[in-house]
Each structure stands twice: as C-alpha cells, then as structure tokens.
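Please read the structure below before turning to the comments.
The values are calculated or read from the model by the stated rules, or taken from the named source; none is laboratory data. Note that the structure is a prediction, hence the values are computed from the model and not measured. All Cβ positions, even for glycine, are placed from backbone atoms using ideal geometry, and neighbour counts span all protein chains on display.
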Ligand code: NAD
C-alpha cells in the first residue's frame, strides 16, 4: 500500500493501492487504440474538454486546494493560487495550439512543392513532480492532448490524490478514459513505465532522477525525451536597484512554497555599494514570515513536503558553517511535533566551495554574497551546473539586458523572478533539462514533423 503522509502532522491520512504492474500492458494498449481515434477528432471537440476542465478547476478549487495542502504541505492560499492560475495557462494552450498544427508550404517552384506538416507523437508518458502538480502537469498533458496524443500520467507519489483528481476532472469534462490514464506508485513504478512502448517521455523532477531516466532510455531506445529538472537560480542586485521592491520580490522568490520551486532563487549576489542596506531589509522581512499550519489563513511557510529534505538541508548548513559561513537569520529544524517544518535561514560569508551555493537546496534557505561589479556577478552566476533561470535587479534596462544576455540559462528576468508565462518557452540548460514546455516552442515538442516533397 502507498501511505500518504500529511507533512504538517507526520501522520498517514490515506492509503492507496498502487496500480498493479500487471495492468500496465493493457493500459498502454488502450492508450494506443484511443489515440488513433483521438488524433482525428475535431479541434472544437478537444477544446470543449478543456473548457470543462477549466470550469471544474474553478468550481472545485477549494476542495482541490485542501487535498493539495494535505498531501504536500503547501499553504492553502498558495494551493488555491496554483489551481486558479492554471486556468489562464490552459486557456492560452486552447487559443494557440491550432496554429502550431498548421502545415506550411515552404517551397514552390515549377513542378516541385515542399511542405511541412505535423503529426502527434502518439502515446506520451508524463512522469511528474509534487511541488506544483497542477502547473507542471498541465504544461505537459494539456498540449499533449490538444495536439492529438494520449497520455499515461504518473503523478508524484506525494501528490497521488491530486493526480487522481486531475483525471477525474478531465473525464467529467468528456475526455475518453483511455486518453488520460493515471498510474499510482513510487519511483519504482515510474521506472517500470519506461519499459513500455511510449512515443515520448516527458519528465518533471529532480536532476538525479532525470539522469537515471536518460541513462535507462539511452541504452535501448531513441524516443523523444523532454526533461524539466532542478535549478540553482541566482539573482544579482545592482547598486541602482529599487531596494524596497527588490527585497519584496526576492523574499518571495526564495521562500514561496517554502523554497520548493524549480525556479526559486537560491543564490543572491549584491553589489558592494548596497550590500549592507539590502541585507538589513532582506533579513528583517525574512524574520517576519509566518510559518505554521498550511490550512490556517495567514500562513506563508508550510512544512516541507518530504522528510528526507530536512536532513539534506541540515547537511548543507553543517557544510557551510564548517567552511566559514555565518547564519544571519537562524533557521533550521523545528524539533517540536512530527511535522516536516524547517525555519528559514539566510547565510552570509558563503562561497562556491559550499554545497549551499552549488547543489539545489529546494528549501527555505539562501546564501548571499557581496560582489565588486557586474563582471564578477556574471562569473559567479554562471559558475553552476544548472541553467534554469536568473534575475538582475537594476533601474538601468540596457545594463540589465547586457548582464542577462551573458547568462547561460533558459529564462532571464529583469526586476522579477520565479515567474512562469505560457507565452514564452520554459526550458532548462545543462543539468536543468532538455527541450521546452509552454509557448509554441513547447507545443511543438508533442509533434513530429513530416516533410512533403511533391512533384506534380
Ligand atoms: P523526483 O525526481 O524525486 O520525482 C519525480 C517523479 O519521478 C516522481 O513521480 C517519482 O515517482 C518519479 N521517479 C522517481 N524515480 C524514478 C525512476 N527511477 N524512474 C522513473 N521515475 C522515477 O522529483 P520530485 O521530488 O518529485 O520533484 C522535485 C524536483 O523537481 C526538484 O529538483 C525541482 O527543481 C524539479 N522540478 C523542475 C521543474 C521544471 O520545470 N524545471 C518543475 C517542478 C519541479
């Protein structure tokens, strides 16, 4: 049995039967058959499903948010925010997928015509993460289904109930049951799924699992693989930045969802001329963050979703302190109760020999470094194995763009951070991933091109 533990209390609140491995063959067979029919369905029919899905998300936002909070500890207000904000994202896909499917005649001369058209991949396997299950799930299964694929969806074991609810909402909206099938289970079930004949694997999760999956698949197949992995995202505050606004933006960028976002800010570099001022205001604001029961109004920081992360953060802290760091806002493990709570920590006197500044923390901790100038900031920001996002904070747009253009990351922000838009591609470079989701670039990932070379 899969035991679902409420991270706020440490208690098991539900037990679920994992999907039997003996069912998988039949599930994949049904997904293949259903997809062959679905790819011929009208665009209007496909859109109708997602209109219903959006209505369902809005109508049921509160009970769905409670389930999400109970499963992974996200404060209720943030869970509601995620569910409601999924709707405009889904609508963007609904309004834009048709143009990505349009074929184009690219050459006509004499008797020769050349054209590009697009076919769905077929059966898409989506192995997903728990931190924003509605966002990261819909980045994949919405465009996959709209473009004529069927989906085998494995939610994170941490958010299994949410995964089942997503299927329920899609089916209530008229989607055929074989077009979106949820598989419940731990990582080992995800690994087993890779053995089936899928046409694309879309993975969202940790770098460690992503590399395992890549190795596993690369040894025996050449199917399409798309990976949205972790980050170690930096922010740089120039001396001309609007400090009050920047502090607010970055406290949220570091601590929202208890730092459990792929694009959380995990490293901050501050120009020496505003270092003291930034630090003072930043720490003051961090000390005011309210941690507590995720179901209570006013809670900003809930528990971490997984117990293992507590030990990892404690080890990062031990390593940083041993190498000379100072903990300016003292955080760490909360000893009372069985919950998975970790108080926010801010570290100074850090350097890049420390795990805190190199490895994804995925928790409410941050390291802050003073820098002399933009050149030093660029070198430090690029000194990482990851490449998801980076931000620069300045009133001088030209200077900001010059710095941002030198960073090897998929998304750059000027005076903002930790933001995802459906209109632009979401992609990680280096150890942060392969391929894109979102935007027309992301929609195309669910399609394969057909080149037409035709003589009259
Ligand atoms: P995880 O890697 O532990 O698990 C992700 C999924 O993979 C789960 O469904 C899990 O059951 C499954 N899995 C585990 N081992 C597997 C295996 N050997 N074969 C196949 N499947 C397996 O990650 P997580 O803890 O769920 O998510 C947190 C991570 O996800 C963080 O690193 C975060 O940065 C990253 N993330 C990235 C993005 C992005 O868009 N780049 C978005 C959200 C989360």
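Which one of the conditions (1) within 28 Å of residue 178 (Cα to Cα); (2) away from the ligand (no atom under 16 Å from the Cβ); (3) in contact with a helix residue (DSSP H, G or I) (Cβ under 7 Å, 6 or more places away or on another chain) does residue 76 fail to meet, given that it meets all the rest?
(1)
When you go through 162, 86, 182, 147 one by one, which is the residue that is under 30 Å from residue 207 (Cβ atoms), more than 15 Å from the ligand (Cβ to nearest atom), modelled with pLDDT of 95 or more and in contact with a helix residue (DSSP H, G or I) (Cβ under 9 Å, 6 or more places away or on another chain)?
After ruling out the rest, the residue left standing is 147.
May I ask you to verify whether residue 252 is surrounded by fewer than 23 Cβ atoms within 10 Å (Cβ to Cβ), over 30 Å from residue 145 (Cα atoms), away from the ligand (no atom under 16 Å from the Cβ) and within 17 Å of the chain's Cα centre (by Cα)?
Against the criterion (surrounded by fewer than 23 Cβ atoms within 10 Å (Cβ to Cβ), over 30 Å from residue 145 (Cα atoms), away from the ligand (no atom under 16 Å from the Cβ) and within 17 Å of the chain's Cα centre (by Cα)), residue 252 qualifies.
Taking into account only those residues within segment 260-281 that are over 30 Å from residue 204 (Cβ atoms) and touching a residue at least 40 places away in the same chain (Cβ under 8 Å), which is surrounded by the fewest Cβ atoms within 10 Å (Cβ to Cβ)?
Step by step, filter segment 260-281, then rank; the result is 272.
Of all residues in segment 121-144, count the ones that are within 18 Å of residue 39 (Cα to Cα) and out of contact with any strand residue (DSSP E or B) (no Cβ under 6 Å at 6 or more places or on another chain).
So the count comes out to 3.
Scan segment 303-318 for residues that are farther than 21 Å from residue 347 by Cα and touching a helix residue (DSSP H, G or I) at 6+ places or on another chain (Cβ under 9 Å) and jot them down.
305, 306
Among the residues of segment 93-116, is there at least one that is at pLDDT 95 or above, in contact with a helix residue (DSSP H, G or I) (Cβ under 9 Å, 6 or more places away or on another chain) and assigned to a loop (DSSP other than H, G, I, E, B)?
No, that holds for no residue.
Among the numbered conditions (1) closer than 20 Å to residue 446 by Cβ; (2) surrounded by 12 or more Cβ atoms within 10 Å (Cβ to Cβ); (3) in contact (Cβ under 8 Å) with a residue 60 or more places away in the chain, tell me where residue 66 comes up short.
Going through (1) closer than 20 Å to residue 446 by Cβ; (2) surrounded by 12 or more Cβ atoms within 10 Å (Cβ to Cβ); (3) in contact (Cβ under 8 Å) with a residue 60 or more places away in the chain one by one, residue 66 breaks only (1).
How many residues does segment 214-237 contain that are more than 10 Å from the ligand (Cβ to nearest atom) and surrounded by 24 or more Cβ atoms within 10 Å (Cβ to Cβ)?
Selection size over segment 214-237: 4.
Looking at the structure I just gave you, is residue 48 outside any strand (DSSP E or B), without any contact (Cβ under 8 Å) to a residue 40 or more places away in the chain, out of contact with any helix residue (DSSP H, G or I) (no Cβ under 9 Å at 6 or more places or on another chain) and under 19 Å from residue 179 (Cα atoms)?
Here the answer is no, as residue 48 does not meet what is asked.
Which condition number in (1) touching a strand residue (DSSP E or B) at 6+ places or on another chain (Cβ under 6 Å); (2) closer than 30 Å to residue 288 by Cβ is the one that residue 426 fails?
Going through the list (1) touching a strand residue (DSSP E or B) at 6+ places or on another chain (Cβ under 6 Å); (2) closer than 30 Å to residue 288 by Cβ, residue 426 breaks only (2).
Please enumerate the residues belonging to segment 128-173 that are in a loop (DSSP other than H, G, I, E, B) and at negative phi.
128, 129, 130, 131, 132, 147, 149, 155, 156, 173
In this structure, is residue 364 within 16 Å of the ligand (Cβ to nearest atom), touching a residue at least 24 places away in the same chain (Cβ under 8 Å) and touching a strand residue (DSSP E or B) at 6+ places or on another chain (Cβ under 9 Å)?
yes
Given segment 339-445, what helices (runs of 4 or more DSSP H) lie entirely inside it while holding 3 or more residues that are modelled with pLDDT of 95 or more, under 18 Å from the mean Cα position of the chain (by Cα) and at negative phi?
439-444
Test of understanding: among 321, 328, which residue is part of a strand (DSSP E or B) and without any contact (Cβ under 8 Å) to a residue 60 or more places away in the chain?
328
If residue 134 satisfies all but one of (1) away from the ligand (no atom under 11 Å from the Cβ); (2) closer than 22 Å to residue 40 by Cα; (3) under 21 Å from the mean Cα position of the chain (by Cα), what's the number of the condition it fails?
Only one criterion is unmet by residue 134, namely (2).
Which condition breaks for residue 120 when tested against (1) away from the ligand (no atom under 14 Å from the Cβ); (2) within 24 Å of residue 262 (Cβ to Cβ)?
Failed condition: (2).
Conditions (1) away from the ligand (no atom under 15 Å from the Cβ); (2) touching a residue at least 60 places away in the same chain (Cβ under 8 Å); (3) over 22 Å from residue 61 (Cβ atoms), marked per residue:
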| site | (1), (2), (3) |
| --- | --- |
| 171 | yes, no, no |
| 190 | no, yes, yes |
| 202 | no, yes, yes |
| 212 | no, no, yes |
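Tell me yes or no: at least one residue of segment 392-401 is within 30 Å of residue 138 (Cβ to Cβ), surrounded by 15 or more Cβ atoms within 10 Å (Cβ to Cβ) and within 16 Å of the ligand (Cβ to nearest atom).
Checking segment 392-401: not a single residue is within 30 Å of residue 138 (Cβ to Cβ), surrounded by 15 or more Cβ atoms within 10 Å (Cβ to Cβ) and within 16 Å of the ligand (Cβ to nearest atom).
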